[in-house]
Amino acid sequence: MVLKPLEFADCVTDSPWFRANLREHELALERSYKSIKLLESQSKELISAGQKLQTAQRNFAKTLQELKLETIGTTETEDERIIANSLKEYSKLILQLEDQRSHILQETEKNFIGPFRKFRIECIGNAIQHERKKYEKSSYKFYQTLEKHLHLSTNKRNDFKEADTALEAEQRQFYRASLDYVCVLQSVQERMKFEFVENLSSFLYSLLTFYHVGHVIHEDFKPYLDHVKYRVQKAKESYYATERETEEFRKKMLRLNSMSHPMEMCAGRVAIKQGYLYLCEKKNLVTSWTKYYCVYQKETRMFAIVPVTQTLIKDIKEAFCQSISFKLKSCIRRASDTIDKRFCFDIISDNDDVLTFQALSDEDRRCWLNALDGKEPSNIWSLQADANFFLTASLDNNSYKFVAALLERIEQNCKYI
């Protein structure tokens, strides 16, 4: 917008056109005053938004630094170590940028908003309030004095000299106020071109400096980013290759565990057999079947029983503390006519304790018998044969002692029977 200049000669004539031009300058300053005030308010909002963004970025960087990428397997590869460590490096990068942002926000509040407020209040506010009031007051007194002077009667000639002197003084004061006001208006308009724009340029320079520093940091960080990108691409390719192998292995496992191939999993001589079994326990003449996770190591013939409950599943260390281990002596399949449960077999420990287990299926029992070198019950006397034996056999003293010791041992281990 182009305003007509305020000429000093027009201050003397004080024409309606001069007054209209003067009003245009006043309105322009009022608009500038409101706009700068709005810029101050928006600058505060901008700083507040920047501070909120800074807080969010720092929280994000903190969480990123604390995040840990877990490794699956026994050892961590070089690629996995670099990728996991990249999170901390990214966090440092974000914090470095936020330190620069913090500096820019502090400089903005000090070197941008402060000078803006000062220019608005001391320059524009003073011009459109204080200087205009002085001008309007002087103009009012001059024209009021002029009207009184013009209304003097010719009969009062003695008062003409005094009235002329007063009018001349008011006229000089009005001209001085008018010239001063015009100078102030034009001065403020001219100062707007350098003081306001200079402060605005400083703000934009600080803003561009922040982006420039970000660019410099990016250039310094780019080799590391490219290196991590290369490692990530390798990990991605490795994942897809492993995924295909895993899918093939998964299908194979499903095929081996299907009902149509029940014995394929049991065909090999496995070193370790593990799985869920139900143990027959007797407490207070009440029989119950309790679920356990069992592990058998063929080389050492050690058989471990791990209790399975919701509490112990969450605390696996406590579960192992409550586990029971013993050395396997023999394993015998239970005949279906000797127990009212399906898929059962007996395990005899090296202490001659007999534990009766129930497998999950007939195929699962075959696998356990295969791993434990289980035998068929044909070599074991039936209960009837045992009864006939005890009815017909004659016992000597040593036999009675043996039977008494056997009964005592059974009572001590009755919970496993």
key: Modelled FRET efficiency - R0 56 Å, GLU24 with LYS92, Cβ distances, 0.05 increments   = 0.50
query = Any idea how far apart ASN126 and SER35 come out in nm if each label point goes 7 Å out from Cα toward Cβ?
reply = 2.2
remark   = Excluding residues fewer than 8 positions from LYS37 in its own chain, the lysines with Cα under 20 Å of it are LYS110, LYS118, LYS193
message = With +1 assigned to the C-beta of every Lys and Arg and -1 to the C-beta of every Asp and Glu, and no other charges, what is the dipole magnitude of the stretch 58-112 about the Cα centre in debye, to the nearest 20?
response = 260
inquiry  = Give the residue list of trypsin sites (Lys or Arg not before Pro) in the stretch 114-209 that are DSSP loop and have at most 13 other beta-carbon atoms within 10 angstrom.
reply    = LYS156
note = Computed over all unlike Cα pairs, the Kirkwood hydrodynamic radius of the stretch 8-240 in Å stands at 23.9
key: lysines whose Cα lies under 20 Å from that of LYS148, excluding same-chain neighbours fewer than 8 positions away   = LYS137, LYS156, LYS161
ask   = Taking the Cβ-Cβ separation of THR246 and TRP289 as r and a Förster radius of 35 Å, what is the calculated FRET efficiency to the nearest 0.05?
value = 0.50
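Every number here is computed from the coordinates shown, using simple stated rules; none is lab data. On a predicted model such as this, the values are computed, not experimentally measured, just so you know. Note: ideal-geometry Cβ built from the backbone for every residue, glycine included; neighbour counts use all protein chains shown.
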